[in-house]
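**Student:** Structure incoming, see below.
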Amino acid sequence: METSHIDKKTRAKQRVEELKGFYWHLAVYLIVNSFITISKIIRNTFNGESFGEAFWDFGTFAVWFFWGIGLAFHAVKVFNINPFFGKDWEKRQIQKYMDESREEAEKYKRIRSNDEK
């Protein structure tokens, strides 16, 4: 009983550490990318571009986009988000194969009982 409690506590601590790691990643993502974006816009406006040109340049959003992909994968891992093969999908597939197996077994039982008559 005591080891079960320790295991639960260890898993809970690990989960908290994962969440904390994700939130730190998110905070660094926002702070660093905001700094890069503001610096780039200011630098480009001083180099003769208008604010609109500096803001809508691909380079302004490139770091946000590519780092955001990594952040999204981190979120998927931490929050157990699996849009393709989640727990519901697994349950449906297991139920589907069990139903197919049962139907096939019943089919052979009916065929066998008809042959015996």
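**Student:** Charges on Cβ only, +1 for Lys and Arg, -1 for Asp and Glu, centred on the Cα centroid of segment 1-81; of 47, 24, 68, which one is farthest towards the dipole's positive end?
**Tutor:** So the residue we want is 24.
**Student:** Looking at the chain as a GNM with Cα springs under 10 Å, which of 107, 13, 91 has the largest mean-square fluctuation?
**Tutor:** Highest fluctuation among the options: 107.
**Student:** Here's something else I'd like to know. Filter the cross-link list 9/91; 13/96; 13/91 down to pairs whose alpha-carbon distance in this structure exceeds 31 Å. All intermediate terms of the calculation are to be shown ahead of the outcome.
**Tutor:** Numbers: 9/91 28 Å; 13/96 37 Å; 13/91 28 Å.
Pairs exceeding the cut-off: 13/96.
**Student:** GNM on the chain, C-alpha springs below 10 Å: top fluctuator among 59, 21, 48?
**Tutor:** Its mean-square fluctuation being the largest, the pick is 48.
**Student:** Considering only 34, 56, 4, whose Cα is most displaced toward the positive end of the charge dipole of segment 1-81, charges sitting on Cβ of Lys, Arg (+1) and Asp, Glu (-1)?
**Tutor:** The listed residue farthest towards the positive side: 4.
**Student:** Taking only C-alpha pairs under 8 Å that are 6+ residues apart, what is the relative contact order of segment 16-83 in percent? Walk me through the numbers before you get to the answer.
**Tutor:** Details: 28 pairs, mean separation 26.9, N = 68.
Worked out over segment 16-83, it gives 40 percent.
**Student:** Follow-up. First measure r as the distance between the Cβ atoms of residue 96 and residue 31, then evaluate 1/(1 + (r/R0)^6) with R0 = 35 Å and state the FRET efficiency to the nearest 0.05. Kindly include the intermediate steps, with their values, before the conclusion.
**Tutor:** Values: r = 47 Å, r/R0 = 1.35.
After rounding to 0.05, the efficiency reads 0.15.
**Student:** On to the next question. Starting from 0.36 nm per residue, how many nanometres of slack lie between residue 16 and residue 89 once their C-alpha separation is accounted for?
**Tutor:** Numbers: separation 73, 0.36 × 73 = 26.28 nm, distance 2.68 nm.
Contour length minus Cα-Cα distance gives 23.6 nm.
**Student:** Explain nothing, just the number: relative contact order of the chain, from Cα pairs under 8 Å at least 6 residues apart, as a whole percent.
**Tutor:** Values: 28 pairs, mean separation 26.9, N = 117.
With pairs under 8 Å counted, the relative contact order is 23 percent.
**Student:** How big is the chain along each principal axis, measuring the range of its Cα positions in Å and listing the largest first?
**Tutor:** Principal extents (Cα only, largest first): 95, 46, 12 Å.
**Student:** Enumerate the helices in the chain for which the Kyte-Doolittle hydropathy averages -0.5 or more and the C-alpha atoms extend at least 27 Å along the helix's axis, using complete DSSP H runs. Mind dumping the intermediate values first?
**Tutor:** Numbers: long enough: 2-46 (66 Å, -0.22); 58-78 (29 Å, 1.40); 87-116 (43 Å, -2.40).
In the chain, the long hydrophobic H runs are 2-46, 58-78.
**Student:** Moving on to the next point. Placing +1 at every Lys and Arg Cβ and -1 at every Asp and Glu Cβ, with all other atoms neutral, what dipole size does segment 1-81 have around its Cα centre, in debye to the nearest 20?
**Tutor:** On the way: 9 positive and 7 negative charges, 84 e Å.
Charge dipole of segment 1-81: 400 debye, to the nearest 20.
Read-outs: derived from the displayed coordinates by stated rules, not from any lab. Only a predicted model underlies this, so the values are computations on that prediction, with no experimental measurement involved. Counting neighbours? That spans all protein chains shown, and the Cβs are built from the backbone with ideal geometry, glycine included.
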